[in-house]
Amino acid sequence: ETNEHIYADRNFAWPGGGESVGDVEDRMRPALERLLQQNDYTRVALVGHGRANRILLASLLYGNALDHRNIPQGNTCIN
C-alpha cells in the first residue's frame, strides 16, 4: 500500500521521514533551472541517486514527476 501512495500522491513521504516526490521535484528542478541560466560552462554533469534522477527526468520529460516509475534507472547508469 505504501508503494502505491508514492506513485499517486505528490506529497506522500515515507513514514518516519524522507522526501516526497513533490519535495524532490521542488528542490531539484529550480536548481537545474538556475544552472541552465548560467552561460559560463561548456559541460555539466548532474549526479544523484536513482529515485531523485527519475523524479527529475519525469518532471522534465512528462511534466509529471509522479510518472517516475516509468523511467528505467539502473545503478551507475548514465541518462
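The values are calculated or read from the model by the stated rules, or taken from the named source; none is laboratory data. Not measured: the values here are computed from a predicted model. Please note: Cβ atoms are built from the backbone with ideal geometry, for glycine as well, and neighbour counts cover all protein chains shown. These accessible areas exclude ligands, DNA and RNA; they are computed on the full protein's heavy atoms, side chains included. Shrake-Rupley method; radii C 1.70, N 1.55, O 1.52, S 1.80 Å.
Relative to the longest principal axis of the Cα atoms of the chain, helix 21-37 runs at roughly 10 degrees. Overall, the chain carries a charge dipole of about 300 debye about its Cα centre when +1 sits on the Cβ of Lys and Arg and -1 on the Cβ of Asp and Glu, all other atoms neutral. By how many degrees, 0 to 90 and rounded to 10, does the Cα axis of helix 50-62 deviate from the longest principal axis of the chain? So the helix axis and the longest Cα principal axis differ by about 80 degrees. Over the chain, the fraction of Cα-Cα pairs per 5 Å bin, rounded to whole percents and listed from the shortest bin up, is 3, 14, 24, 24, 18, 10, 4, 2, 1, 0. Taking GluC sites (Glu not before Pro) across the range 1-52, the ones in a DSSP loop with at most 10 further Cβ atoms lying within 10 angstrom of their Cβ are Glu1.
Relative contact order of the chain, taken over Cα pairs closer than 8 Å and 6 or more residues apart, is 28 percent. For a label point 7 Å from the Cα of Arg27 along Cα→C-beta, name the residues of the range 40-68 whose backbone N is under 13 Å from it. Flagged as within label range: 48-53, 55-56. Assuming R0 = 22 Å, what is the FRET efficiency of Thr42 and Asn75, from their Cβ-Cβ distance, to the nearest 0.05? Efficiency for this residue pair is about 0.20. Considering helices alone, the calculated mean residue ellipticity of the chain at 222 nm is -14500 deg cm²/dmol, with DSSP H runs of length four and up weighted by -39500 (n - 2.57) and normalised per residue. When the residues His5, His49 are ordered by accessible surface, computed with a 1.4 Å probe over the protein chains alone, the sequence from largest down reads His49, His5.
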